[in-house]
Amino acid sequence: MGRRLAGLVSEGLDAALRAARWLILPVSLLLFLQWPLRELVRAYSREANDLGQWMFALYVAVAVTAATRARAHLASDLFAHRYRAPTRARLARVGAALGMLPWSIWLLVTGSSLTAQSLASLESFPETYNPGYFLVKAAMWLLALLAFLQALLDVFAADARPADPHP
């Protein structure tokens, strides 16, 4: 991957992560409002739940990549911390190449028809028939796409990633 292309992908990922991090605020509000809506208003709690579900799905899809970029995800460091930094970097590249790339490609390929059908029909939530369930399925595909792009960066352009993942 060329340095310029890697930089553009990295900048694009950073922009997406910055924009999506604000989803946690409405998700938290909707989770909070479910009880008063159900118990006091006696209406709209299911709508709040459905809206919160698709927002949460989008948030998680982006948060996994954000954690990877920040090196804050769960990682097997029991033995790796004993290795020198160049060896750990090679192990991270091999892990991305043998783990994340195949997994994300598999998810992109196998999930594409499911996601496309859901998007084409603007699938609703099965229990409430509220709109937006297609966004939950689209979030799965987004998660795989972001993981794929990050794995490409980790394998081919590890030095192109900014030092501070939270600009």
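Whenever a residue of region 28-50 is more than 18 Å from residue 124 (Cβ to Cβ) and free of Cβ contacts under 8 Å to residues at least 60 places away in the same chain, its partners that are of a type outside the set (Ser, Thr, Tyr) and crowded, with 16+ Cβ neighbours inside 10 Å, lying with C-beta atoms within less than 7 angstrom and at least six residues away or across chains, give the pairs 31/52; 33/48; 34/48; 34/49; 37/48; 43/37. Considering 116, 85, the condition of being farther than 23 Å from residue 64 by Cα, among the small types (Gly, Ala, Ser) and free of Cβ contacts under 8 Å to residues at least 12 places away in the same chain is satisfied by 85 alone. So is residue 82 farther than 15 Å from residue 154 by Cα, loosely packed, with under 14 Cβ neighbours inside 10 Å and modelled with pLDDT under 85 or not? Yes.
Residues of region 111-132 that are closer than 12 Å to residue 50 by Cα and within 23 Å of the chain's Cα centre (by Cα): 124, 125, 131, 132. Scanning region 98-134 for residues that are charged (D, E, K, R) and closer than 16 Å to residue 47 by Cβ gives a single hit, 127.
For the residues 143, 98, the requirement of being in a helix (DSSP H, G or I) and closer than 30 Å to residue 31 by Cβ singles out 143.
Total residues in region 1-48 satisfying the condition of being surrounded by fewer than 13 Cβ atoms within 10 Å (Cβ to Cβ) and either among the charged types (D, E, K, R) or touching a Lys or Arg at 6+ places or on another chain (Cβ under 8 Å) (or both): the figure is 4. Is it the case, given these coordinates, that residue 118 is part of a helix (DSSP H, G or I), hydroxyl-bearing (Ser, Thr, Tyr) and farther than 23 Å from residue 13 by Cα? So residue 118 passes the test.
The values are calculated or read from the model by the stated rules, or taken from the named source; none is laboratory data. The structure displayed is predicted, hence computed values, not measured ones. Every residue, glycine as well, gets a Cβ built from its backbone with ideal geometry; the counts of neighbours run over all protein chains shown.
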